[in-house]
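Worksheet for the structure shown next.
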């Protein structure tokens with residue numbers, strides 16, 4: 001059951017791993033058998049290449065090598081910034097120029113063919129361990145001439161480098177002097193423009209003029225605010241004076257005169273009343289009348305005494321306090337009117353000054369820009385003066401930073417190294433062996449033969465049923481167990497189907513074992529199985545006379561003998577429609593008597609024969625027997641590519657597995 005589940009999940013495994021159909025264990029075992037061949041290839045190629053390279057090197061122009069070295073001194077940080085020192089690698093590229101090699105050829109009087117080869121014979125490179133050392137290597141078939149070439153290249157490169165550095169410095173110096181002259185002319189123009197930007201009235205520069213206007217505006221606005229505060233104070237003083245004037249009269253009394261305040265009449269009336277009381281009673285009318293009159297007089301006199309006594313003559317004079325208040329009010333009104341007028345004049349002045357500010361701001365922007373340009377030009381001129389002085393000093397007294405560290409000497413031994421040749425030869429042999437190994441793997445991967453269960457991982461409707469060892473590889477019990485596993489998996493895939501198609505990729509000698517095992521299982525399980533094979537009508541043989549049953553008489557095209565039958569067709573590669581109809585009719589006749597039909601086809605045919613597709617369509621499940629190490633993968637891959645078989649379920653069995661592969665594949 002585990003193998004069945006594995007077969008059902010093959011499709012997803014193939015999508016994840018493109019090598020799911022290839023078994024590396026089998027490939028390594030096959031490689032082990034042929035390991036001696038790859039070792040022989042390595043040895044043969046290495047020996048042949050060693051002798052070839054040794055012969056070529058002895059006759060080449062690179063047999064002798066000499067080396068001269070140049071030293072590039074790295075300048076310190078005290079060197080002026082304008083002096084851009086060349087990198088050592090750049091100098092090495094400069095030394096590799098073909099112009100220098102032409103000059104060397106002229107010095108050594110080399111022939112034109114030899115001069116043309118000089119570029120390929122001289123190598124200029126930077127020392128890896130010492131990055132400021134340049135190595136010049138010259139190869140030639142003569143050790144003395146190789147040393148002369150290396151020394152000549154060093155001298156020519158040194159002279160050319162010094163000349164290039166001096167000419168570069170002179171060009172830089174001339175360019176800076178011309179630039180200084182142009183900057184001085186520009187500075188004179190900026191100074192002349194600066195005078196035109198001054199104020200024509202105050203002769204101040206725009207910045208000072210704008211500061212003056214700003215100070216005047218601020219001061220005037222302060223005075224306006226102070227005047228407004230003073231006007232408010234004056235208004236308050238006027239209002240207070242007017243309020244006081246409403247309570248203070250214009251004139252005040254100086255003196256008054258009162259002529260009399262006599263009470264003798266009242267005393268006389270009291271005396272008369274007292275005399276009448278002595279003479280008369282209180283109820284006497286005259287007493288009552290005089291008493292009332294006396295009371296009225298006294299009441300009137302009391303009221304008169306409580307009020308201010310009205311003088312008989314009053315003298316008035318002018319109120320001095322009111323005069324002082326009127327003078328203060330008038331003075332404050334005069335001051336307020338004057339202050340209001342002054343504020344109006346000052347406000348008008350501020351407005352006039354504020355109108356002048358935008359014009360002065362525009363002039364100030366131009367003035368500041370001009371000032372910045374003057375400072376920039378002056379600073380640039382100062383820097384140029386310093387640079388020009390440094391360049392003149394460097395040009396007159398500087399020491400070149402490139403010198404000859406070591407001249408080349410004639411070599412004592414050729415450049416060919418036997419150990420290097422051996423390593424190269426062995427490496428080439430290994431490379432050839434690896435290429436052959438890759439070719440062998442590619443051929444085995446694409447066009448190899450079936451030798452592992454992984455080769456049957458086609459996915460989709462194709463499943464692997466199991467392996468069968470070759471005869472004599474394992475014991476009878478293990479062989480029977482293998483056949484039993486194949487049968488159980490076949491029954492699991494067949495399910496409720498009744499028709500099985502048993503086919504071979506090639507003639508397979510283990511088909512009888514499979515047939516015998518299946519018949520044994522059918523008998524044990526009580527399954528009535530009918531085996532049907534095909535043969536050509538030309539090969540039809542005469543069947544011995546026997547008693548025919550009623551079922552035999554009902555069959556039309558199948559020649560039945562017990563639970564075996566033979567269908568004779570005109571062509572074993574394809575069945576005609578009439579033959580298919582006859583075959584279907586006979587199978588339907590046999591269905592009431594047999595519960596399972598096994599249709600066999602030998603391995604003489606091919607999978608692309610039409611009859612294979614016809615029998616697959618008629619069967620519910622197809623079992624395909626493949627021989628280990630004989631049947632090709634391409635024959636099995638045709639099942640995956642054949643669109644006619646996409647709807648048919650196919651199970652594969654790998655037979656004749658050899659002993660040394662059986663244990664590995666079983667594990």
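What follows is calculated from the coordinates using simple rules that are stated; it is not laboratory data. Everything quoted here is computed from the prediction, not taken from an experiment. Here the Cβ positions follow ideal geometry from the backbone for every residue, glycine too, while neighbour counts run over all protein chains shown.
What to note about this one:
- Peptides ranked, highest mean first, by Cβ atoms within 10 Å: ranges 157-170, 132-145: 132-145, 157-170
- When each of 246, 55 is scored by the number of other beta-carbon atoms lying within 10 Å, the sequence from fewest to most is 246, 55.
- The stretch 209-356: relative contact order in percent, alpha carbon pairs under 8 Å with at least 6 residues between: 52
- Residue 392/residue 130 FRET efficiency (R0 35 Å; Cβ-Cβ; nearest 0.05): 0.55
- Rounded to 0.05, the FRET efficiency of the residue 324 and residue 345 pair, given R0 = 45 Å and the Cβ-Cβ distance, is 0.90.
- Peptides 288-299, 504-515 ordered by average Cβ neighbours within 10 Å, highest first: 504-515, 288-299
- A Stokes-Einstein calculation at 37 °C with viscosity 0.692 mPa s, built on the Kirkwood radius of the stretch 112-205 over Cα pairs, returns a diffusion coefficient of 174 µm²/s.
- Residues residue 181 and residue 98, FRET efficiency given R0 of 35 Å [Cβ-Cβ distance, rounded to 0.05]: 0.30
- When each of the peptides 652-660, 220-228 is scored by how many other beta carbons lie within 10 Å of its residues on average, the order from highest to lowest is 652-660, 220-228.
- Distance between the pseudo-spin-label points of residue 509 and residue 111 (7 Å out from Cα toward the beta carbon): 7.5 nm.
- For the stretch 209-356, radius of gyration divided by Kirkwood radius, i.e. Rg to Rh on alpha-carbons: 1.58
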